[in-house]
Structures are given as C-alpha cells and as structure tokens.
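Reviewing the structure listed below.
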Amino acid sequence: MQTYDFIIVGSGSAGSVVAERLSASGRYSVLVLEAGGSDMRFFVQMPLGYGKTFFDPAVNWNYKAEPDPGLAGNTDHWPRGKLLGGSSSINAMVWIRGHPADYDGWRDLGNPGWGFDDLLPYFKAIEDNEAGADAYRGRGGPIRITDNRARAHPLTKRFLKAAVEAGLPLNQDFNGAAQEGAGIYQINTKGGRRMSMARAFLRPAMKRGNVRLETNALATKILFEGSRAVGVEYVQNGKKLVARAGREVILSGGTINTPQLLQLSGIGPAGLLGEFGIPVVSDNPQVGANLQDHQGINYTWKARVPTLNQLLRPWWGKLAVGIRYLLLRDGPLSMSMNQGGGFFRTDASETRPNMQLYFQVFSTVIPKAGERPILTPDPWPGFSIGLSNCRPTSRGSVAIRSSDPTIAPKIVANAYSTNHDVAEMLDAVKFLRRIAAQPAMAEVIAEEMLPGPVCQDDDALIADFRKRSGTVYHPVATCRMGPDPAQSVVDPRLRVHGISRLRVIDASIFPLNISGNTNAASVVTGAKGADMVLEDQG
Ligand SMILES: Cc1cc2nc3c(=O)[nH]c(=O)nc-3n(C[C@H](O)[C@H](O)[C@H](O)COP(=O)(O)OP(=O)(O)OC[C@H]3O[C@@H](n4cnc5c(N)ncnc54)[C@H](O)[C@@H]3O)c2cc1C
C-alpha cells in the first residue's frame, strides 16, 4: 500500500488545478485517481468534436436523470466527462465567469473569501486572454482564452444585429465590466485545439516527479479512522487497491459523483445509507440535496441563406473544413457550437440577467442515433437560437440506489417545479421569437421549424418547453458550502463538516448556481480550494 500526502479523486476541471497547485512546491506527494482514461482522442481535441463525445461511453458517464414530470415525463440525458480533464474535455468551451453578484451571494451566505473581489485575482491569474489584459481580464496564465470576434460566421453577426434591434446592448466581453447584452463567446482553445483543464494544469503538473496519476481507477470508498479520512479504496483493472493519505483526501469527482462517493463511504442521510446497509460515519441529509441546474431549449429556423449545414453535411464540405482544420487549425471545426450568445433580463425588475442566449449557425432537428449530429446537420439551411435560465429556483437531488459503486446514482432534476421557473422561461421563449422577428434576422428566415408557427398561446409554449427542454449540463450544489452543518456539507474552507482531513473541491460545493456556464467557476473553486489546503498545512 502506497502513502501520499494528498489523494485527489477526479482529474476534472477542479481536480486538475488542485493537482497542479498542491504539487507546485515539490514538498508534497500527490496521487490523482481518475475513473476514465486518456484525453488524447481526436474528437476530444477538436472543438466541434463535441457532438461525437456527447454519448460516447469511452469518455462519458452518460447519466440518465429520472423521468421528470416537469419535462413532460422525459428521461433527460446527463453527459459528464469520464476522462482526463473531466467535463472540461467534453464541454462546449464557452468561457463565462458568471455575474459578480453571484459570488457576492455566496459570500453573503456566510462564506468569507468567496465574494467576487476575492475571486477576481484567481479568474485573472488562470487565463491567457487573446484579447489582452485589463482590469477584469488576465494574460499569461495557463488557460488560453480565444477571442472569436473576428472569426464569427456572417449569420452570427446578423444575430447580434437582431439582438440589438430587439433592445439588447452589444457586449464585447461578458466577463468584463457588464454581463448583459449580446456578443461573441470567448472559448477555451489554443491553436484550434480544446484547452481542457488537463491540458492547462494536469499535464504540466505530471512533469513533476511528485504527481502520480492512476487512470481507469474508480474510487469506491473513503477510508476512515474514527472521523478522520486516512485513505481511499479504488478499483483498477478489476483489482481492489488502497492508497493512504498522510495529509488529506480531496474529492473532485463533480456534482454527481462526489455525493455518490460520500454516501457510499457513510457520509450522507442516515436513512438512505441504512437502506443499503452502509455504516454511518456522519449523518448529513444535505449530501446529495439542493441539486441546481440550468434548463435550456432551442428554437430552430430554416434559412434563406446557407448556414454551416451546407458545409458540415455534404462529403465535399466535410473534406473542405477537415483539410482547413488539419492544415490551419482554423474554420468551423476549431470553434464552439455556440459562436454567439448573450444575457438578458425577462423582467426589468431583475437586478441582473436571468437568461442566457446561444446562437448556433447549424441545425440538428433530424436526430441521429448515438450522437448529437453537429457534424451531420439537417440537409436544409438551418440555425438555432437557444437559451437557458441563470438562477432557477427548482431543486433536485442525487442519491445512491445501491451500495455497488458501479451503479449510477439516482438523479432527480425536478425541472420547472416552481411557478417562478415556468413564468420566466415563458417570457424568455417569447423573447427568442422577438429576436427572430427583427429585420436583420427576419430577412434571412424561410420558416420556423421548432416549435413551429402553430405553437402560439402560453399553454402551448409551456407544453413545448416542458417537452423539448433539458439540462444544459451545469449541475451544482449537491455538497454545498456553508457555515451551518445542518444546512451544508462543507464549511467555507471546503472541509467536510464533522470529518477531519477530507475536503470537497469541485462544482458540487457551489452554494447557489452562477449565472452562466460553470467551467470557469469550477476551475476557480479548484484554485481557491487548493490555496486553502496549502494554507492549512501550516
Ligand atoms: C456536455 C457539456 C457541455 C458543457 N458546456 C460548458 C461550456 O460550454 N462552458 C462551461 O463553462 N461549462 C460547460 N459545461 C460545464 C462544465 O464543464 C462543468 O461545470 C465542470 O467541468 C465541472 O467541473 P468539476 O471539476 O466539478 O467536475 P468534472 O470536470 O466533471 O470532473 C470530475 C472528474 O472526476 C472523475 N471521477 C468521478 N468520480 C470518480 C471516482 N469515483 N473515482 C475516480 N474518478 C472519478 C470523473 O471521471 C471526472 O474526470 C459543460 C458540461 C458538459 C457535460
């Protein structure tokens, strides 16, 4: 049995940066256990390969949520990365920090050190922004942020014009002074390749002699001596192995897997653990509770002008974009599926945006088994405007359904289970049509394909978004941080309440979801959490 100073479970967005920080001084030995395998795969590295990894069990946990009454009984697909870099290796690479007030909200819930001013230095330090540094942005950090303003498709620029005609300001940088408005998304890529957190942090750390990485290593149980975490049991190549942690065990398995591992290890709701004969180490009903996620939907139109469908679908188009990508690392394959987007308020009384927009210069109305058919889009010219809510009030849960760690936990999303969430989404989908009706868009639209012109009154619009919407893959808060052990799982220094030498450092600790995509916030959680670990070593 090997002993390391730190054992990190999970090499995802947060785990990668934790491994980098804890190993930087050379004073500590670090073991990283990753259930998945390598990220050196073409469709992981190529940004628009996104559609191919979306259902691929070789790199994806491929979770299914429970049938959800809020989604017309649908069983939603919940992809999560199962490879080096975790979900940062299969995500859409949209680089968004959220709204400053989100983090001030975290701080005001009793979490000192987590306000926006506290975190801004971290956001700046981790990035290398192509657009340059300013009061908000960073240059020279490990994550290359590509500024795609000059590379956007002409139709994306048309979308921006229409959004302005619909009343939104043009926004040059959603991570700058203001979040509201329409603009081109910055993405985390470098040289046309995905800049995953494994690429930014884990691989450089692995060049140091003090980091050991075990892939295809599923952590199955945290080991305790009394209420002190002392190691991790894991399974690799069918063999049960144990590693000991001299200093701390750090869970970075993400919003679904971290509460699952805690519950399997005896930290969770005593009733649930009892059902599966798991001895209780700490009875905490908050483990797996408070699940928060963003729900989203696309409206799709047939266009009078060519879209990326005409380039990505035919063999000769695939050849052209493929050669361009291979030779120049450029063109549509090097960009996110979401070229443009924005943030808006459905109601002027909102103090900050409560909805996010996404513009896609292709359409995928016709499904294809086993993949999200971005690289085989519809045969006619099409495009979509999507949206997702920023701070929904619906809450769900994650709970084990077996003591067997290989059985996926039960995910209950409870989407649109509050009147608030339904009402704001209704206002939001109406705004999508308002953008499409503006002159800049209307003149290139042939017809609305989804939901289609018959869908008009409020009941029909609500029924449609219940039927067609689903997760936009930003689940958080199942091990939320807070000062009160009765209301949270970790304290503001990310230590599991009532247990020593055990921390959670990943998106599951967010007390509230942020207004936007969750990757950058997960990385900053990793960086801040690692600093706390180091500070506490004395
Ligand atoms: C399809 C998709 C699209 C997205 N698009 C965007 C986007 O465009 N922009 C954005 O900002 N965010 C996006 N996100 C969200 C963002 O990627 C996540 O919020 C973020 O990566 C979460 O980081 P994490 O560290 O909490 O978990 P993850 O990055 O998911 O890392 C968890 C890691 O732990 C490993 N692991 C789990 N359990 C175990 C175990 N028991 N033993 C060993 N290893 C284990 C997993 O395999 C994984 O590698 C998207 C997510 C998905 C899935």
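Identification of helices (runs of 4 or more DSSP H) wholly contained in the range 79-198 with 2 or more residues that are in contact with a Phe, Trp or Tyr (Cβ under 9 Å, 6 or more places away or on another chain) and over 27 Å from A477 (Cα atoms) yields 154-165. Annotation: of all residues in the range 92-138 being crowded, with 16+ Cβ neighbours inside 10 Å and among the aromatic types (F, W, Y), the one that is farthest from T471 (Cα to Cα) is Y122.
Against the condition open to solvent by 10 Å² or more (accessible area, probe 1.4 Å), β-branched (V, I, T) and under 30 Å from A415 (Cβ atoms), how does T75 come out, does it pass? So T75 fits the description; yes. In the set (1) away from the ligand (no atom under 12 Å from the Cβ); (2) surrounded by fewer than 17 Cβ atoms within 10 Å (Cβ to Cβ); (3) over 17 Å from the mean Cα position of the chain (by Cα), the condition left unmet by G37 is number (1). Checked against (1) touching a Phe, Trp or Tyr at 6+ places or on another chain (Cβ under 9 Å); (2) touching a residue at least 60 places away in the same chain (Cβ under 8 Å); (3) buried (at least 20 other Cβ atoms within 10 Å of the Cβ); (4) within 23 Å of A520 (Cβ to Cβ), T53 passes all but condition (2). Listed conditions (1) more than 16 Å from the ligand (Cβ to nearest atom); (2) touching a Pro at 6+ places or on another chain (Cβ under 9 Å) are all met by P279, apart from (2). Taking the stated definitions as given, is R345 under 19 Å from D421 (Cβ atoms) and open to solvent by 20 Å² or more (accessible area, probe 1.4 Å)? Yes, satisfied. Checking each residue in the range 516-538 for being outside any helix (DSSP H, G or I) and surrounded by fewer than 24 Cβ atoms within 10 Å (Cβ to Cβ) picks out D536, Q537, G538.
Among the listed residues R352, R329, which satisfies the condition of being surrounded by fewer than 23 Cβ atoms within 10 Å (Cβ to Cβ) and touching a His at 6+ places or on another chain (Cβ under 8 Å)? Before the answer, list the steps.
Working: R329 fails: touching a His at 6+ places or on another chain (Cβ under 8 Å).
Among R352, R329, only R352 is surrounded by fewer than 23 Cβ atoms within 10 Å (Cβ to Cβ) and touching a His at 6+ places or on another chain (Cβ under 8 Å).
Could you list, in sequence order, the residues of the range 276-304 that are of a type in the set (D, E) and in contact (Cβ under 8 Å) with a residue 24 or more places away in the chain? Listed by number, the list holds a single entry, D293. Taking residues in the range 519-538 that are closer than 18 Å to S89 by Cβ, and partners anywhere that are open to solvent by less than 10 Å² (accessible area, probe 1.4 Å) and acidic (D, E), the pairs with Cβ atoms closer than 9 Å and at least 6 places apart or on different chains are A520/E127; A521/D102; S522/D506; T525/D506; G526/D506. The set of residues from the range 2-14 being among the hydrophobic types (A, V, I, L, M, F, W, C), in contact with a helix residue (DSSP H, G or I) (Cβ under 7 Å, 6 or more places away or on another chain), open to solvent by less than 10 Å² (accessible area, probe 1.4 Å) and not in a helix (DSSP H, G or I) comprises F6, I8. Residues in the range 40-50 that are surrounded by 21 or more Cβ atoms within 10 Å (Cβ to Cβ) and not aliphatic (A, V, I, L, M): P47, Y50. Scanning the range 83-125 for residues that are hydrophobic (A, V, I, L, M, F, W, C) and more than 14 Å from the ligand (Cβ to nearest atom) gives A101, W106, L109, W114, F116, L119, L120, A125.
Scan the range 446-495 residue by residue and report those that are among the small types (G, A, S) and either within 16 Å of the ligand (Cβ to nearest atom) or outside any loop (DSSP other than H, G, I, E, B) (or both). Answer for the range 446-495, where residues must be among the small types (G, A, S) and either within 16 Å of the ligand (Cβ to nearest atom) or outside any loop (DSSP other than H, G, I, E, B) (or both): A446, A460, A463, S469, G470, A477. Report, by residue number, each residue of the range 15-34 that is part of a loop (DSSP other than H, G, I, E, B) and within 9 Å of the ligand (Cβ to nearest atom). Once the filter is applied, which keeps residues that are part of a loop (DSSP other than H, G, I, E, B) and within 9 Å of the ligand (Cβ to nearest atom), the range 15-34 yields only E34. Check the range 325-344 and report whether any residue there is touching a Ser or Thr at 6+ places or on another chain (Cβ under 7 Å), at pLDDT 95 or above and within 30 Å of G268 (Cα to Cα). No, the conditions are met nowhere in the range 325-344.
The values are calculated or read from the model by the stated rules, or taken from the named source; none is laboratory data. Fair warning: this is a prediction, and the values are worked out from it, not measured in the lab. Reconstructed Cβ throughout: ideal geometry from the backbone, glycine too, with neighbour counts over all protein chains shown. Each accessible area value is taken on the protein alone, full model and side chains, heavy atoms only, with ligands, DNA and RNA left out. Shrake-Rupley method; radii C 1.70, N 1.55, O 1.52, S 1.80 Å.
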